[in-house]
Structure formats: C-alpha cells, structure tokens
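Data block below; observations after.
Every number in this text was worked out from the coordinates using simple rules, so none of it is lab data. Since we're looking at a predicted model, the values are computed, not measured. Here Cβ is always computed from backbone atoms with ideal geometry, including for glycine, and neighbour counts include all displayed protein chains.
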C-alpha cells in the first residue's frame with residue numbers, strides 16, 4: 001500500500017517559480033512608490049490575540065463572526081491568524097509607543113487568512129499590501145493616500161480603473177443617519193432577506209453591502225448617508241474632491257459605499273476595475289479616526305488602504321502587464337568529470353561574486369543533454385568544461401545566441417570577457 005499523497009489545504013495555494021516574477025515585479029514597484037512617498041515598512045506577526053480583531057474589525061462583521069481562523073493555544077489563549085493588516089499595525093504602533101515620535105507613515109505587506117469560499121483572485125490565504133497614515137487629520141492626507149494607490153496601480157499597468165468615493169461624516173452624522181436608516185428598514189422588514197433583518201439591530205449600515213438581489217432592489221430607495229452630513233463634514237469632503245481634481249484623478253461619487261463600524265469617519269473609497277467581473281474591487285480604504293482610541297490609544301486621526309495582490313495579479317495578467325518571465329541566467333556552466341565539476345563550481349561562484357547570474361548544471365549528464373538545457377535556459381553564454389579542459393586549465397566559451405565561434409580561454413580570461421573587468 002502506497003503512501004497517501006499530501007496536498008495543500010483548500011484555499012492555500014502554492015506560488016510556483018513561473019508565477020513569482022509577476023509578484024516580485026508588483027512588490028518591487030510598490031516598494032519604490034512607498035520609498036518615494038516617505039513611507040516606512042512595518043512587519044507584524046501573522047498570529048494575534050483574537051480580541052484584537054473582535055475590537056478592531058467588529059464583533060458584528062462577517063469576518064469576525066464567520067471567517068477567522070481562531071483557536072486556543074497551549075496556554076488557553078484565544079489566537080487568530082490575521083484576517084487583515086490595519087488592526088495589527090495599530091496594535092504595534094501603540095505597543096511600541098511610535099505615536100510619541102510623531103505622525104506615522106507606514107506600509108505593510110504579507111499573507112492574511114479568511115475562511116471563505118475560494119474564487120478567482122481570492123484564496124483563504126491571500127496577500128495584501130497596505131498603507132496606514134496615523135496622526136494625519138488634514139484632508140490632504142486623504143487625497144495623498146488615494147493618489148499613492150492610484151499612481152501605483154497605474155504604474156503597474158492596471159486597466160479599466162475607477163475610483164469610487166463617499167463621505168461617512170463624523171460620529172454625529174452617522175448616528176443621525178443610522179436612526180433614519182433603521183426606521184426606514186423596520187418599515188420594510190418583510191421585504192429584506194433574513195441576514196439583513198438580523199443586521200438591523202446589530203450593524204444596519206452593513207445591510208447596504210448586501211449581495212442579495214431582492215434586498216438590493218429594496219435599498220435602491222433607502223436614505224443616503226451623504227444627505228445627513230453636517231456643514232463641516234460636507235466642507236471637508238468638498239476639499240478632498242477639489243484636491244483629487246487638482247491631481248487629475250478621476251472619481252465618481254458612490255453614496256452606497258459605507259463602512260459599518262463606528263470608528264470609520266469621513267472619506268471612504270474603493271478603486272475598482274471593469275476587467276474583474278463581480279469581484280471588481282482592487283483597492284479599498286478610508287479614514288478610521290476612532291480605531292486607535294478603540295484599541296486603547298489616544299484619539300488619533302488615521303487613514304489607510306489595502307490592495308489584494310491575488311486580484312491585482314489577475315488584473316495585470318488580463319491587461320498583459322504582469323511583469324517579467326522567469327529569471328534568465330547570463331551564463332550556463334556545463335561540466336562533466338570530477339576535475340571539471342570542481343572547476344565549474346569555482347568558476348560559477350566567481351561569476352556570481354562579480355555580479356553575473358550563473359546557473360550551474362549539477363546533473364553530470366552527457367554534454368549533449370546539458371547543452372540542450374543551456375539552450376532552454378535562455379542564457380546568452382555557456383561555459384563548457386570537460387576533464388581534458390580541466391587538466392589543461394582552460395574552458396570553452398560558447399555563444400548560444402549569436403552562433404559565434406567557440407573560444408578556448410583561461411578561467412581569468414573568461415571571467416574578464418563575461419564581466420567586462422580584469423579578474
């Protein structure tokens with residue numbers, strides 16, 4: 001009886017060598033944009049206490065109620081694999097007193113975990129990059145955060161982008177709107193799906209995100225949050241819009257775009273693409289002025305966003321902008337025989353120390369098979385060493401692309417030829 005074949009868990013996907021150049025391209029471009037914007041990277045643990053997300057995302061949300069990977073560790077502590085990045089970043093900033101050093105301009109990246117149905121562009125282990133401005137209250141920080149995301153996606157070659165924008169107002173605005181919305185929903189309870197009915201008491205704003213077609217049809221006539229904004233909130237939102245106009249970033253108002261938790265405030269936005277079908281959101285973000293205080297810190301204005309990399313990679317592949325192919329070596333080193341193989345290893349390492357990408361064939365196969373692999377590698381040059389060459393202290397240099405004559409050179413001479421410098 002054979003050993004059972006092991007496979008990855010559903011929704012936990014391997015990223016193979018042929019796929020990773022596209023990911024590395026996205027990550028490199030993002031790092032460059034963040035560097036130029038004066039952001040510092042922060043890395044937080046994958047595993048946190050469950051309470052962080054219960055308080056930081058909300059007990060009434062689907063993420064906390066249905067989608068988190070939570071368990072008790074050996075000390076009976078409730079632990080959770082992080083389902084998003086913001087709560088962990090805020091926890092780290094508070095734990096290490098970073099706000100005492102002034103406003104924080106941070107970015108993060110890495111895997112997140114949610115137990116939901118896998119689909120194109122979203123797995124149970126998925127990856128995000130995100131930006132967090134902590135201690136930034138000025139409307140310019142809203143526009144800057146949005147502009148960084150817009151420029152990054154544009155630079156990567158993402159197509160069909162649209163920025164959707166709304167204002168959630170301040171706590172008083174939302175309280176007034178919540179009261180109006182609940183009253184309106186109560187009068188139409190029999191027309192809503194069961195999940196929406198449950199949310200009337202717990203999180204009525206989340207009903208506006210319902211995917212149920214019948215509920216969405218009812219909500220078409222629901223009151224709008226933007227109609228309940230104070231004069232000050234309206235003025236602030238107008239400032240953000242004027243700044244986006246000045247930056248020539250097109251946007252469309254979406255009065256249905258909300259965040260269901262009380263610590264969100266003012267600007268909420270999503271960047272979508274018409275190339276992604278129903279799962280159109282590439283980047284989601286907004287202002288969360290109440291979160292730092294809710295997690296035990298001082299009142300702190302903040303805004304942030306996150307981009308899902310799986311969905312972004314799908315978008316870039318459809319746009320033909322997914323980045324470079326698998327890395328191609330500059331030199332492919334072929335050898336056979338004990339002396340030749342030792343010499344080949346030495347030469348490959350010297351090439352790498354001089355900045356060249358050198359792939360060393362370790363198969364010991366016939367020269368014909370090794371040279372076929374050299375051709376397939378895409379390398380412009382092959383260095384060939386047999387036992388007779390090793391005994392004479394020379395190597396053969398083959399031009400794999402230009403078809404030039406084979407050269408017989410000393411190792412120092414081939415190093416100089418391939419690296420453009422004396423050995």
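Considering the chain as a Gaussian network with a 10 Å cut-off on Cα pairs, which listed residue, 152, 81, 397, attains the greatest mean-square fluctuation?
397
Report the residue, chosen from 148, 385, 207, that carries the largest GNM mean-square fluctuation when the chain is represented by alpha-carbon nodes joined by springs under 10 Å.
385
First check a/c for region 139-246, with a ≥ b ≥ c the square roots of the eigenvalues of its C-alpha gyration tensor; if it is under 1.5, answer rounded, and if not, answer prolate when a/b is larger than b/c or oblate otherwise.
It comes out oblate by the Cα gyration axes.
Using only Cα atoms, locate the centre of region 3-62 and the centre of region 360-409, then give the distance between them in Å, rounded to an integer.
41 Å
List 48, 132 from most exposed to least, where exposure is judged by having the fewest other Cβ atoms within 10 Å.
Ranking 48, 132 by Cβ neighbours within 10 Å, fewest first, gives 48, 132.
Between the helical axis of 338-353 and the dominant principal axis of the chain, each derived from Cα atoms, what acute angle in degrees is found, rounded to the nearest 10?
50 degrees
Specify whether the C-alpha gyration tensor of region 331-419 places it in the rounded, prolate or oblate class, a ≥ b ≥ c being the square roots of the eigenvalues: rounded for a/c under 1.5, otherwise prolate if a/b is larger than b/c and oblate if not.
Rounded, since a/c falls under 1.5.
Taking 0.36 nm per residue of sequence separation and subtracting the Cα-Cα distance, how much length would be gained by fully extending the chain between residue 239 and residue 184, in nm to one decimal?
16.7 nm
Summing -39500 (n - 2.57) over the DSSP H runs of n ≥ 4 in the chain and dividing by its residue number, what mean residue ellipticity at 222 nm do you reach, to the nearest 500 deg cm²/dmol?
Result for the chain, helices only: -11000 deg cm²/dmol.
Percent antiparallel among DSSP beta bridges with both residues in region 331-419, to the nearest 5?
Of the beta bridges lying entirely in region 331-419, close to 45 percent run antiparallel.
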